[in-house]
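Accompanying notes for the structure given below.
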Amino acid sequence: MRKEIPLSVPNLKSDIISNLEECIESGWVSTGGRFISELESKIADYVQVPEAVSTQSGTAGLHLALKVLGVQPGDEVIVPTLTFVAAVNPISYLGAYPVFMDCNEFFCIDTEKLEDFLHNECNSVDGMLYNRKTGRKVAAIIPVHVFGNLCDMERIMALSTRYNLKVLEDATEALGSYYTSGKYKGKYAGTIGDMGVYSFNANKIITTGGGGMVVSNHKSYLDHTRYLGIQAKDDTLYFVHNEVGYNYRMLNIQAAMGVSQIDQLEEFIRVKIRNFELYSKLLHDVNGLKMLPFSAGRVNHWFYALAVDKEIFGCSRNELMHGLIEKGIQCRPVWKLIHTLKPYEKCQGYKISRAMEFEEGVLNIPCSTNITEEDVRYVVKEIEQFKR
């Protein structure tokens, strides 16, 4: 019997309804209302920072954060090529340029190559770093905690201090991931750099339908983020605006969903880990397939990555993907590498190799927090049918 199993969908429960009813009955469905501040407070408490600022989306949060951190037109920002394009587009919004880095075995930015680039391809002049090839100032690094994996923030922060670079953590996929050893033991992804951003898009581990959150240990950064996100309004009565701002506010009706979802986050992570371990066990003896492990630490296991070796499995990643989709099992390849996309093909990429292997051979398979053990076993059984 055919089953439809989505890749990653929201896990919504009826306790959200009363919050939504309150928004409708009170009329607070737009950019004001109590649920916005309540969600900001809950997220700040959860990731153990003093304050958080909600935004329309994770992308909006990244845009605001880059601006607050002082990225200027003509600057360069170092980013991974293996990520969703939303991590990179805000750089272009500001008239700056991305420099693309390779990834490590956990899909996160390769710090060996990052250090090599900073040391061998750049010059420090009067406390600023300049790319020898382009002559542009290198202003910031955006480490992306891909699929919930934890970047090597110890090394990234050490490099940022050495070379005077700002660090904006893209933790849009990593809410709930934290370090269990080292200098940042107990620290959550997103709370270590100068600023961090989370996403509540519908496919994330918790959702508000859309929306994002900016965190920082620097109150001035958050104050400026909030100010810019409400159209840089200096006087609410006479409509005075002293900077160019943005309509990047979260809606109260979105936040009403989020205040319920955040209370379920730990249970969602337990389900993610349980299902990943089941997939790994069931696929362990299937030659040519491997569930790729997550990094050290407590990782939220947001997206699962299945590596397909065509020569051994007898079926390519793409053949397996299209076959599963025809059977009603939603899956997808990892992203097309951003340095190969038309808007960015003229930007600099540095020693990219592993990311190309992942682009060719990795498949994301169903990982929703509401899929059951029976669903996992069904997906594995269907995958096995493609073994040749």
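Quick check on my link table: of Lys187/Lys327; Lys67/Lys336; Lys42/Lys166; Lys67/Lys133; Lys133/Lys166, which ones sit more than 31 Å apart, alpha carbon to alpha carbon?
Details: Lys187/Lys327 41 Å; Lys67/Lys336 27 Å; Lys42/Lys166 26 Å; Lys67/Lys133 25 Å; Lys133/Lys166 21 Å.
The pairs that break the limit, which is 31 Å between Cα atoms, are Lys187/Lys327.
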| field | Residues of segment 211-233 with amide N under 19 Å of the 7 Å Cα→Cβ point at Ser26 | value | none
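Can you compute the helix-only [θ] at 222 nm over the chain? Use -39500 (n - 2.57) per DSSP H run of at least 4 residues, normalise by all residues, nearest 500 deg cm²/dmol. If you can, show how the numbers build up before the last one.
Working: 13 runs with 137 residues, N = 388.
Theoretical 222 nm ellipticity from helices: -10500 deg cm²/dmol.
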| said: Shape verdict for segment 1-97, please, from the Cα gyration tensor: rounded (a/c under 1.5), prolate (a/b greater than b/c) or oblate. | reply: oblate
| task | Express in nm, to one decimal, how much length is gained between Thr372 and Ser37 on full extension, taking 0.36 nm for each residue of separation and deducting their alpha carbon distance. | result | 117.2 nm
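Could you compute the net charge surrounding Val144? Neighbours are other residues with a C-beta less than 10 Å from the C-beta of Val144; K and R count +1, D and E count -1.
Values: positive: none; negative: Glu169, Asp170, Glu173.
Charge balance in the 10 Å sphere: -3.
Would you mind ranking Phe200, Phe107, Phe268 so that the residue whose beta carbon has the fewest other beta carbons within 10 Å leads the list?
Phe268, Phe107, Phe200
Count charges around Thr134 for me, please; just the other residues with Cβ under 14 Å from its Cβ, Lys/Arg as +1, Asp/Glu as -1.
Details: positive: Arg132, Lys133, Arg136, Lys137, Lys346; negative: Asp75, Glu76, Glu121.
Around Thr134, the charge tally is +2.
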| message | Distance cut-off 26 Å, Cα to Cα: go down the list Lys351/Lys387; Lys137/Lys204; Lys137/Lys346; Lys185/Lys351; Lys183/Lys281; Lys272/Lys351 and report the pairs above it. | response | Lys351/Lys387; Lys137/Lys204; Lys185/Lys351; Lys183/Lys281; Lys272/Lys351
| If you place +1 on the Cβ of every Lys and Arg and -1 on the Cβ of every Asp and Glu, how big does the dipole about the Cα centre of segment 83-192 come out, in debye to the nearest 20? | 380 debye
| said: Quick check for me: using +1 on Lys/Arg Cβ and -1 on Asp/Glu Cβ, what's the dipole size of segment 309-376 about its Cα centre, in debye to the nearest 20? | reply: 520 debye
| Taking a ≥ b ≥ c as the square roots of the eigenvalues of the Cα gyration tensor of the chain, is the shape rounded (a/c under 1.5), prolate (a/b larger than b/c) or oblate? | oblate
| Neighbourhood charge, 14 Å Cβ-Cβ cut-off, centred on Ser199 and excluding it, Lys, Arg +1 and Asp, Glu -1 | -2
| Cα gyration tensor of segment 248-388, axes a ≥ b ≥ c as square roots of the eigenvalues: rounded (a/c below 1.5), prolate (a/b > b/c) or oblate? | oblate
| In nanometres, what is the gap between the two model label sites at Leu12 and Gln48, each 7 Å from Cα along Cα-to-Cβ? | 3.3 nm
| task | Would you work out which of Ser37, Tyr163, Val47 lies farthest towards the positive end of the dipole of the chain? Charges go on Cβ: Lys and Arg +1, Asp and Glu -1. | result | Tyr163
| message | Given a 10 angstrom Cα cut-off, can you work out which residue in Leu62, Leu114, Leu94 is the most mobile in a GNM of the chain? | response | Leu94
| note | Expressed in angstrom and rounded, the centroid-to-centroid distance over alpha carbons for segment 272-330 and segment 25-46 is 38 Å
| message | Quick check: residue separation of Lys3 and Arg132 times 0.36 nm, minus the Cα distance between them. What number comes out in nm? | response | 40.9 nm
| task | Grab the Cα-Cα distance for Glu345 and Asp234, subtract it from 0.36 nm times how many residues apart they are, and report the gain in nm with one decimal. | result | 35.9 nm
| task | Rank these for me by crowding, Ile142, Ile230, Ile192, Ile325, going from fewest to most other beta carbons within 10 Å. | result | Ile325, Ile230, Ile192, Ile142
| field | Within a Gaussian network of the chain (alpha carbon springs, distance under 10 Å), most fluctuating of Gln48, Gln56, Gln254 | value | Gln48
| remark: With Cα springs under 10 Å, the Gaussian network model of the chain assigns the largest mean-square fluctuation among Gly190, Gly148, Gly349 to Gly349
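Would you mind ranking Lys351, Lys272 by Cβ crowding within 10 Å, fewest neighbours first?
Values: Lys351 14, Lys272 24.
Ranking Lys351, Lys272 by Cβ neighbours within 10 Å, fewest first, gives Lys351, Lys272.
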| note | Taking a crude spin-label model, label points 7 Å out from Cα along the C-beta direction, the Leu292 to Glu384 distance in nm is 2.5 nm
| said: Explain nothing, just the number: dipole magnitude of segment 235-384 about its Cα centre with +1 on each Lys and Arg Cβ and -1 on each Asp and Glu Cβ, in debye rounded to the nearest 20. | reply: 300 debye
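Laboratory data are not the source of any read-out in this text; all were calculated from the coordinates shown. Computed from a prediction, not measured in an experiment: that's the story for all the values here. A quick note on method: Cβ atoms are made from the backbone with ideal geometry, for glycine too, and the neighbour counts reach across all protein chains shown.
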